Each structure stands twice: as C-alpha cells, then as structure tokens.
1. Between segment 213-232 and segment 161-191, what is the separation of their alpha carbon centroids in Å?
2. Angle check, please: helix 196-206 long axis (alpha carbons) against the longest principal axis of the chain (alpha carbons), in degrees 0 to 90, nearest 10.
3. Which whole-number percent gives the relative contact order of the chain, counting Cα pairs below 8 Å spaced six or more residues apart?
4. Please name whichever of Asn270, Gln235, Leu169 sits farthest to the positive end of the charge dipole of segment 152-284, dipole taken about the Cα centre and charges placed at Cβ: Lys and Arg +1, Asp and Glu -1.
5. Using only the Cα atoms of segment 38-180, what do you get for the radius of gyration and for Dmax, in Å?
6. With each run of n ≥ 4 DSSP H residues scored as -39500 (n - 2.57), what mean residue ellipticity at 222 nm is computed for the chain after dividing by its residue count and rounding to the nearest 500 deg cm²/dmol?
7. Which residues among segment 1-36 fall inside the zone where the amide N is under 12 Å from a point 7 Å beyond the Cα of Lys324, along Cα→Cβ?
8. Could you give the nm distance between label points at Ser30 and Ala294, where each point is 7 Å from its Cα heading toward the beta carbon?
Amino acid sequence: MNISKLIYYCRAGFEADMAAELDSHFAQVSLYGYSQLKAKQGFVSFNLYSPFIFESDGRGKFPVKFDELMFARQQLACIGNLTFESNKDRVGDILTFLNDLNINVPFGDVFCEHPETENGKDMAKFCKKFSVPLRQALRKHKRLSVKPNNGLSYLHLFFESSESCEVCLSFPKNRSNDYLGITRLKFPSEAPSRSTLKLEEAILKLLPRNSHKEILVKGMTAVDLGACPGGWTYQLVKRGIKVEAVDNGEIADSLMQTGLVTHFAHDGFNYQPQEGHVDWLVCDMIEKPDRVAALMTSWLVTRKTTSSIFNLKLPMQKRYAVVKHELDTMIKELNEKQIDFHMRAKHLYHDRDEITVAVVTGGHLI
Ligand SMILES: C[S@@+](CC[C@H](N)C(=O)[O-])C[C@H]1O[C@@H](n2cnc3c(N)ncnc32)[C@H](O)[C@@H]1O
C-alpha cells in the first residue's frame with residue numbers, strides 16, 4: 001500500500017520539537033514532505049510529497065525507526081480518512097473501508113484513540129465506548145486476532161471529533177504497543193518519590209527489547225547521582241542492586257535499612273565509585289544538559305560504569321536541536337573509543353521538561 005501521511009503522538013506542548021525531529025529524520029532517508037501541527041494538540045502529521053510503499057502486514061522496510069525518535073509516543077501510517085454522517089453506522093463504514101483494502105491478515109489489536117490533551121476527556125469517553133462494538137464487529141468478521149498479538153499490525157482509529165477519523169496502522173517492533181503510546185505505571189506506595197516512575201519507565205522502554213530482566217540483576221552495583229529522596233535508588237534496590245547514593249540531601253530511611261544503600265553527601269560531578277567501577281550509573285541531577293552529557297560520557301569512556309540511565313533537561317528553546325547535539329557528541333566520543341553501545345533517548349510519559357537516555361555497553365549488550 002502507498003503511504004503518504006504519518007501521524008506521531010507526542011506530549012501536548014512539544015509538537016514543534018516533534019516536527020523538527022521528523023523533518024530531520026525524513027531528510028536523512030531522502031524522503032521529503034512537511035509537518036502539520038496544531039499547538040498543544042499532542043500530535044503531528046507528516047505529509048510526504050511522494051508516497052512510499054509498505055505491506056499492510058508489516059513486511060518491508062519502514063523508513064523511520066520508532067525507537068530512534070525522541071519525542072514520539074507513537075508512529076502511525078495513515079491509510080485513509082472517514083467522515084461519518086450523523087446517525088450513521090460508524091462500525092459499518094469502517095468494515096466497508098477495510099473490505100475495500102487488500103488486507104488478508106487479521107490485526108493484532110485495535111485502538112480507538114484521540115489527541116491526549118487537557119480538554120480531550122469527551123473524546124476519551126467516546127473512544128472507550130465506541131471501541132466495544134467495533135472490537136466485536138472486527139472479531140466477527142475475522143479482522144482481529146482472537147487474543148492481542150503484538151507480532152501483527154495494529155489498527156488505530158484516530159478521532160479528533162466523533163464525526164471523522166483517520167484510519168491508521170502501526171507495525172510490529174516499530175511502534176509503542178501501549179494505548180495512546182502511554183506507559184501507565186502504578187506508583188509503588190513504599191517508594192520515597194514519584195520520580196521512581198521515570199526510572200521504571202526507562203527500564204521498561206529504553207533498554208534493548210525485553211532485556212531488563214537479564215541486565216539489571218541482583219548482585220550488581222550502581223551509583224545514583226542526585227539520589228535524594230531515593231525514588232531511583234528504590235528501583236535499583238528493588239532489583240537487589242547495591243547502590244552508592246550521592247546527594248547532599250536526605251535519603252529515605254527505608255532504603256538505608258535494606259543494607260544495600262550507602263549514602264555519600266558529595267558533589268555528583270566529582271564523585272568516584274568506591275571500587276573504581278560499577279555496573280550502572282544513574283543520574284537525575286537537575287543541571288545543564290551539556291554538563292550531564294559530558295559527565296556520563298566520561299564515566300562510560302573511562303569504564304567507571306558499564307551502562308547508564310540519565311536525564312537531560314530540555315532548554316526553553318530549540319529543544320530538539322540542543323539535545324540532539326549533546327547526544328551526537330556523546331556518540332562520537334563512544335565511537336572514537338571503539339565502545340559498542342546501545343543508546344535510546346525518549347521523552348517518556350513520566351518526563352516533563354527532560355528526556356531520559358539509556359546507554360548500554362559491554363556484557364550488558366545482548
Ligand atoms: C530531581 S531530584 C532527584 C530525585 C531522585 N532521583 C528521586 O527519585 O528521588 C535532584 C537531586 O539532585 C541533587 N543534586 C543537584 N545537583 C547535585 C550535585 N551537583 N551533586 C549531587 N546531587 C545534586 C539535588 O540535591 C536533588 O536531591
């Protein structure tokens with residue numbers, strides 16, 4: 001099928017950053033087009049001047065890798081647009097549209113979605129309600145797998161209003177499998193701060209796929225820079241990892257009592273790991289992005305740490321350009337030192353004015 005329009009979800013307020021990133025990525029693969037966005041609507045459309053061809057079952061080479069995009073929560077290929085007349089049978093219209101396409105494999109799941117905005121509550125209600133009969137009808141017509149199957153394409157119906165929708169597909173290993181591209185996590189009541197959810201999301205989403213159970217394991221060692229009150233340290237301790245928690249503030253007693261945490265009231269920029277090396281360096285210090293990126297690079301290239309997860313604060317302006325520059329500098333230095341690495345950077349659901357970056361190297365690279 002010919003694809004000439006893509007939709008990317010992002011956090012409301014970051015549409016211009018999403019657009020800047022798309023312009024850069026599409027130009028890199030010599031596909032040209034233009035972004036369309038509305039401020040604070042939480043998504044950006046990218047329209048291509050010439051379509052590319054891609055199989056509906058996900059076969060073929062998709063030009064942009066979702067994992068490489070920082071600001072995207074989701075990547076969708078649009079295959080049509082439906083306008084519903086009032087009182088019309090929307091489910092019937094969608095089935096007719098799908099029947100006219102040459103798609104023979106069932107979808108692995110179906111999502112009725114909407115812009116994730118402050119005012120989107122009504123659309124959220126509509127989508128939730130509409131997805132019930134739609135799901136039933138798709139099942140009945142064998143257009144939906146019996147159980148959710150993330151090895152198949154998903155069907156997404158993107159509603160800006162109840163009168164029309166974009167019909168879109170997402171493809172295995174090149175999308176978020178979560179509804180609206182949002183990782184919902186339950187706050188663990190025993191964790192000392194809500195920041196814990198940022199590290200939990202990063203562990204689930206930024207490490208090489210399905211690797212977190214093998215690469216963050218009991219008996220490993222870590223340094224947490226800017227650790228207090230201890231939300232990030234909590235995630236490490238929960239996995240049986242011994243932590244050097246570095247911060248002038250107070251670390252939660254509950255963490256100290258685990259016997260896995262040693263607190264150092266030290267400046268994170270000068271701290272040296274007690275045994276000279278740790279498996280993980282995590283860093284949530286609120287500092288300029290260039291300072292943090294340089295610090296993380298120095299720990300990785302001098303092998304003081306094997307891997308790292310850290311935040312880069314977003315500046316007020318040119319947010320994409322600034323963090324891209326920091327990450328490119330980091331990549332250049334790691335390459336010069338011939339270090340094999342996996343890097344992923346994302347504006348996570350639990351991030352606000354920062355992105356989270358994971359760099360995995362060495363034996364952790366699987
Ligand atoms: C956002 S908070 C960290 C929250 C923590 N990750 C958690 O989950 O509870 C930032 C912390 O960085 C610490 N910090 C800022 N600059 C620092 C520095 N140069 N050295 C050590 N800690 C620093 C602050 O004291 C503060 O506690």
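The values are calculated or read from the model by the stated rules, or taken from the named source; none is laboratory data. From a predicted model like this one, the values you see are computed outputs, not experimental measurements. So basically every Cβ, Gly included, is an ideal-geometry build from the backbone, and we count neighbours across all protein chains shown. Surface areas here come from the heavy atoms of the whole protein model, side chains and all, with no ligands, DNA or RNA. Shrake-Rupley method; radii C 1.70, N 1.55, O 1.52, S 1.80 Å.
1. 27 Å
2. Roughly 60 degrees between the two axes.
3. Numbers: 710 pairs, mean separation 49.9, N = 366.
After rounding, I find 14 percent.
4. Value computed over the given set: Leu169.
5. Using the Cα atoms of segment 38-180, the pair Rg, Dmax is 14.8, 42 Å.
6. Working: 9 runs with 102 residues, N = 366.
It lands at -8500 deg cm²/dmol.
7. The answer is 17-29.
8. Distance between the two pseudo-spin positions: 3.9 nm.
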